[in-house]
Amino acid sequence: MGHRPRKRFGQNFLVDRTIARRIVDAVNPQPADHIVEIGPGEGAITALFLERISHLAAVEIDRDLAAELRSRFNPAQLTLCEGDALQFDFASLSTQLHGPLRVVGNLPYNISTPLLFHLAEFAAHCVDLHFMLQQEVVARMVATPSSPEYGRLSVMLQVRYAMERLFGVPPESFRPVPKVQSAVVRLRPLTLAERTALGVPRDAAVFASVVNAAFSMRRKTLRNALASMIDAPAMERLGVDPGLRPENLSVKDYAVIADAVAGCG
Ligand code: SAM
């Protein structure tokens, strides 16, 4: 295909077939799976999936690419949803396909964080998610407390998913060649038992505001960063040292604080 890559849609097409195969191998699609690809682009991964399973759904924003995909794959093979994945209702797609989704994608890097947050709302409708992302974003997703990469993205995703970095991908694997290294990551929604063990926050909105407030003042101690929400003695009663910094707290610590702030601690 002779498509001219559009920067505004984060188009870096995967041209290394070995990497494309490794992604499909990592997903290991089965005939009964409901695979949905975000941003199929020129179909590098799409075509490989369709060698192994008979049907796939995809969400693509670029009209020209959508038209090319429609002429290449028939509707029985590819259900193509033309539109913005950031606005897409993955729950409706899951209902339409009669089963939970397996989401895959070489994601547009310019919208990767908002897309991860949007998809987190549909975690209950997903079996798993496999993404190619900027390596630095993957490092933040899987980071452990007290490491430099640990932050809002780590906490907000780790409260919902078990995540694993699978392998790195060099810039030469794409056209055009990006300035950054990439990596493939697997996200698996935590089971109810896993979430309970972690101390799932009772109020997701309060949890998000506590995490936001903490990491917007990363250099301050918790005593100062969370002053408008909870005082130091209350934190101490929860077993959290208010002299620590936001990056020192585990996901469970944040859940405990959020429950106290929400009045259900
Ligand atoms: N999957 C292809 C590959 O591996 O070569 C293309 C990957 S390219 C990094 C990102 C793709 O996502 C492009 O096809 C782009 O048009 C599409 N895209 C960008 N923003 C999008 C959005 N908001 N919703 C859906 N697709 C989007």
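Please treat every number below as a calculation from the coordinates, not as lab data. Bear in mind the structure is a predicted one, so any value in this text is a computation, not a measurement. Note that each Cβ is placed from the backbone with ideal geometry, even for glycine, and that neighbours are counted across all protein chains shown.
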Just check the stretch 39-129 against the gyration tensor rule for me: Cα atoms, a ≥ b ≥ c as the square roots of the eigenvalues, rounded for a/c under 1.5, and otherwise prolate or oblate depending on whether a/b exceeds b/c.
oblate
Would you kindly state how much longer the chain becomes between Asp84 and Asp231 on full extension, computed as 0.36 nm times their sequence separation minus their alpha carbon distance, in nm to one decimal?
48.7 nm
In nanometres, what is the gap between the two model label sites at Val127 and Ala197, each 7 Å from Cα along Cα-to-Cβ?
2.3 nm
Cα centroid separation - the stretch 52-86 against the stretch 128-173, whole Å:
27 Å
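For the chain, calculate the relative contact order in percent as a whole number, restricting contacts to Cα pairs under 8 Å that are 6 or more residues apart. Write down the numbers at each step before the final one.
Numbers: 434 pairs, mean separation 40.7, N = 265.
RCO, the chain: 15 percent.
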Please give every one of the lysines within straight-line cross-link reach of Lys179, meaning a C-alpha to C-alpha distance under 18 Å, and leave out same-chain neighbours fewer than 8 residues apart.
Lys7
In terms of Cα to Cα distance under 21 Å, which lysines are near enough to Lys220, apart from those fewer than 8 places away along the same chain?
Lys252
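Take the Cβ-Cβ distance between Arg218 and Arg52 as r, set R0 to 51 Å, and report the resulting FRET efficiency rounded to the nearest 0.05.
Numbers: r = 44 Å, r/R0 = 0.86.
Once the sixth-power term is evaluated, E becomes 0.70.
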Would you kindly state how much longer the chain becomes between Asp16 and Ala32 on full extension, computed as 0.36 nm times their sequence separation minus their alpha carbon distance, in nm to one decimal?
3.0 nm
Could the peptides 58-69, 77-88 be put in order, highest first, of the mean number of other beta-carbon atoms found within 10 Å of their residues?
58-69, 77-88
How would the chain be classified by its alpha-carbon gyration tensor: rounded, prolate or oblate, with rounded meaning a/c under 1.5 and the a/b versus b/c comparison settling the rest?
prolate
Long-range amide H partners of His34 with built H, under 5 Å:
Arg102
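With the contact rule set at Cα under 8 Å and sequence spacing of 6 or more, what percent relative contact order holds for the stretch 1-122?
Working: 158 pairs, mean separation 34.4, N = 122.
Averaging sequence separation for qualifying contacts and normalising by length gives 28 percent for the stretch 1-122.
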With each label point set 7 Å from Cα along the Cα-Cβ vector, what nm distance links Arg8 and Ala91?
3.1 nm
Which far-off residues, 5 or more places away or on another chain, put their amide H under 5 Å from the one on Leu56, with H placed in the peptide plane?
Leu78, Thr79
